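Worksheet: the structure to be examined is printed underneath.
The values are calculated or read from the model by the stated rules, or taken from the named source; none is laboratory data. What you are looking at is a predicted structure, and each value in this text was computed from that prediction instead of being measured. With ideal geometry, Cβ positions are generated from the backbone for all residues, glycine too; neighbour counts draw on all protein chains shown. Just the protein is used for accessible areas: all its heavy atoms, side chains included, with ligands, DNA and RNA removed. Shrake-Rupley method; radii C 1.70, N 1.55, O 1.52, S 1.80 Å.
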Amino acid sequence: MTTSCPSSGPPARNGADCVVLGRLIDFAGDPAAFGAAAVRDLPGGALALKEGRIVWRGAAAGLPAEFGDAPQRDYGRCLVLPGFVDPHIHFPQYRILAAGGRGLLDWLDRFAFPEEQRYADGDHAAAAAEMFLDLLLAHGTTAALVFSTVHEEAADRLFAAAERRGMAVAAGKTLMDRNAPAALRDSAETGLRASERLYARWHGRGRLRYALSPRFAVTSGAAQLAAAGEFLKSYPDALMQTHLSETEEEIAEVVRLFPDCADYTDVYDRFGLLGPASLFAHGVHLSARERGRLGEAGSAVVHCPTSNAFLGSGLFDIGPYSPDGGTGAPRLAVATDIGGGTGYSLPATLGSAYRTAQLRGRRLAPERAFYLATFGNAEALGMEGEIGRLEPGFFADLAVLDPRATPLLAAREALSETLADTLLALMILGDDRIVRASWVAGRQLHPGPG
Ligand SMILES: [Zn+2]
């Protein structure tokens, strides 16, 4: 699984453990808000890495002498980006992509719920966790916010596998006390206690964090949502993840189940689930009131374009999330939502977001798209001081992309005149073949040896 960092020679005693060379691309902020100044593109760049973090960045020609003896890994004209961050993905659905349901609720019943029942077996969960995390790394994704199943042990197995890789993973046991098969249901009390135990075991251990994970308001009753709100009061440094306003059928069901609430967002709001560490997946059909309330609370809406297209959920509109789209919008993040989503590649997911924007009469600039998949998603997870940029002090989590990975990409790249051209080609034509390497905390984990 692990390739040691240096390509040759022992690590330098002082200075750096190794130096990575390539075209450095990262984003100091949202290019839609800050313009070209937020985009950093440094061909012939160098990163000096030490003890898992970046200690220096700059032009290779200006590499300080103290790093001169460190082993080097030269990626030439490949792009060296911060590792991608996937802020909404389901570990137990890692292999149920391309399962055609009639819509979200039908898909859950026919595919997701039967598959998730297998995770009562800890050995099954352990093997799945290995495959899941290796798939993330094979696609350049080095950090994620993850739904596990209802089973406590499955979450343990996922955390343990992430810890072995040194990955920044936030995850949680799914809470679900109704409208699901009996084998996948907990209760307000048992779900709360299991979440507390998992938090105690894993939160803050290495790079791991706990995320309270009520699946959505259809599968959690009032008592369970109230318990979730109490958990967040007790553990304010935990994350919260759930689903919101994905399909019209789902919204109608939530309105029926919570007739006293003003709208879907209000359900979560009444139980204290909104806040700056809360991420709401989808938000396809939110009203202006709901967006305003989510923005006021500092929460994030996670756009999952391939999932929305595959399940026929609707066309998310990025317009209100643009700097000129009005004030008070929630933070925007972009995710794969495997297994409703159709691929692990964040660049390809950005390509889907681009197409969705086109269909809504909007434009998603490629630089903004890659900002979202790196620093923007890190900000949504509250990890903006640690990941998402190529900056001294940040973890050395890297995605190395080859814009000439295939004959077609190479031919297309020959026409590219700007960084935006190169990035858009990767979004539209790219898949796991564009990922030359993935590094986690200064170690190349993909490709592994052999
Ligand atoms: Zn989801």
message = Binning at 5 angstrom from zero up to the longest distance, how are the C-alpha pair distances of the stretch 254-397 distributed in percent?
response = 2, 10, 18, 21, 21, 16, 8, 3, 1, 0, 0
request  = Any chance you could run the full-extension gain for D237 through D109? It's 0.36 nm times the residue separation minus the Cα-Cα distance, nm to one decimal.
outcome  = 42.8 nm
request  = Report the extension gain between R178 and E417 in nm, rounded to one decimal, defined as 0.36 nm multiplied by the number of residues separating them, less their alpha carbon distance.
outcome  = 80.6 nm
note = proj_area_mean for the chain (convex hull on C-alpha atoms), units nm², value 20.4 nm²
remark   = the chain accessible area per residue, 1.4 Å probe, protein heavy atoms, integer Å², reads 36 Å²
remark   = Taking a crude spin-label model, label points 7 Å out from Cα along the C-beta direction, the R289 to D69 distance in nm is 6.8 nm
key: For the stretch 84-344: relative contact order, % (alpha-carbon pairs under 8 angstrom, 6 or more apart)   = 19 percent
key: Chain lengthening between R360 and A200 when straightened (0.36 nm per residue, less Cα-Cα)   = 53.2 nm
message = For the stretch 49-150, what does the convex hull of the Cα positions come to per residue, in cubic angstrom?
response = 155 Å³
key: Cα-based equivalent ellipsoid of the stretch 84-344: semi-axis lengths in Å, sorted from largest, via gyration tensor   = 25, 20, 19
